[in-house]
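In what follows, a single structure is set out as structure tokens and then discussed.
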Amino acid sequence: MNYINILIKAGLSPKEASVYLASYELGETTASRISQKSGVKRPTTYIELENLIKKGLVSQSVRKNLKYYTAQSPKMILSILDENKKELEQNMVNLLSIGSAIDKKPTVSYFEGEEGLKEVYRDTLLTPNKEIQSWFAGLSTIGSDSYQEKIYVPERLKKNIHIRTILPNAEKLKPYVGKNVQQLRKSKMVSEKKFNMENEIMLYDKNKTAIMNFSDKIGIIIESPKIHDSIKQIFEIMWEMLPDENK
């Protein structure tokens with residue numbers, strides 16, 4: 001077994017590993033003997049021994065003006081690794097908060113075709129037990145069958161994802177609104193004359209905005225807390241202004 005490689009994986013440099021292993025095998029000994037056994041030049045051996053002393057892996061004693069070195073048990077390496085892990089875990093929250101505080105550029109993903117639109121829908125289901133807000137134009141039919149009704153809604157229900165949607169007051173959408181309660185949905189309607197956009201817009205997962213156009217079969221997902229929150233404010237203002245008769 002190559003113990004040098006094991007020590008390197010534990011965080012020691014190659015020369016530190018060689019000096020430590022030689023010292024451990026020799027027991028209490030001098031730098032000269034450690035240099036000979038490890039194959040590391042004596043001046044470098046002294047440097048590496050000082051590094052190992054600082055790490056708590058080697059101790060030093062002096063007798064008759066001669067320095068002796070003793071390697072600590074390899075268990076000490078495990079202890080040091082464990083301490084480093086705990087320190088890293090303690091500071092990881094602060095490290096992550098620094099990243100979240102940075103004003104990051106939005107990430108935009110682009111999708112094409114029927115499969116691309118399905119991929120956008122699937123992405124909205126990745127966060128269970130949350131709510132989606134949407135503007136629904138009633139055009140989300142993919143292929144010959146309604147992906148929305150046959151696949152998407154059942155999956156949304158399984159994951160307990162509620163949805164609030166604003167949609168046109170169109171006769172063709174009355175059956176859709178009629179299933180609101182059983183499909184964990186609340187709806188509010190806008191005059192069909194005022195609501196004639198061809199896109200469906202969905203807000204979800206705290207920072208994502210999906211826009212789908214079913215005529216051109218294209219979709220995009222924008223990942224940006226600022227964009228998401230701005231559009232959500234518009235949604236909430238509209239929601240509050242619309243009557244409650246359609247639930």
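Taken together, the values in this text are just the output of simple stated rules run on the coordinates, not laboratory data. For clarity, every value in this text was computed on a predicted model and none was experimentally measured. Neighbour counts are summed over all protein chains in view; Cβ atoms, including those assigned to glycine, are modelled from backbone coordinates with ideal geometry.
Starting from the Cα gyration tensor of the stretch 107-241, take the square roots of the eigenvalues, sort them a ≥ b ≥ c, and report rounded, prolate or oblate (rounded when a/c is under 1.5, otherwise prolate if a/b is larger than b/c, else oblate).
Cα axes put the stretch 107-241 in the rounded bin.
For the chain, a crude dipole built from +1 on the beta carbon of Lys and Arg and -1 on the beta carbon of Asp and Glu, taken about the Cα centre, is about 1140 debye to the nearest 20. Could you name the lysines whose alpha carbon sits less than 19 Å from that of LYS15, not counting residues in the same chain fewer than 8 places away? Within the straight-line limit of under 19 Å, LYS15 reaches these lysines: LYS37, LYS41, LYS54, LYS55.
Can you put SER109, SER61 in order of Cβ neighbours within 10 angstrom, beginning with the fewest? Show your work: numbers first, answer last.
Values: SER109 15, SER61 10.
Lowest count first: SER61, SER109.
Sorting LYS217, LYS206 from the fewest to the most surrounding beta carbons within 10 angstrom yields LYS206, LYS217. Going from the fewest other Cβ atoms within 10 Å to the most, the residues ARG122, ARG185 appear in the order ARG122, ARG185. Rounded to the nearest 10 degrees, the inclination of helix 113-123 to the longest alpha-carbon principal axis of the chain is 70 degrees. What the phi angles of the stretch 151-162 give under the Karplus curve with 6.51, -1.76 and 1.60, with θ = phi - 60°, is a coupling list of 10, 5, 4, x, 5, 5, 5, 4, 8, 6, 9, 7 Hz, glycine and proline written as x. Across the chain, the mean sequence separation of Cα contacts (distance under 8 Å, 6 or more residues apart), normalised by length, yields a relative contact order of 16 percent. Compared with the dominant Cα axis of the chain, that is its longest principal axis, helix 14-26 is turned about 50°.
For the options THR45, THR165, THR209, a Gaussian network treatment of the chain with springs between C-alpha atoms closer than 10 Å singles out THR45 as fluctuating the most.
When both the stretch 114-192 and the stretch 1-53 are represented by their alpha-carbon centers, they are found 66 Å apart. Separation of the alpha carbons by more than 25 angstrom is noted, of LYS159/LYS194; LYS172/LYS232; LYS174/LYS208; LYS159/LYS232; LYS85/LYS159; LYS86/LYS159, for LYS159/LYS194; LYS172/LYS232; LYS174/LYS208; LYS85/LYS159; LYS86/LYS159. Calculation over all alpha carbon pairs of the chain in 5 angstrom steps from 0 returns a P(r) of 1, 5, 10, 12, 11, 8, 5, 4, 4, 4, 5, 6, 6, 6, 5, 4, 3, 1, 0, 0, 0 percent. Between the helical axis of 225-241 and the longest alpha-carbon principal axis of the chain there is an angle of about 30 degrees.
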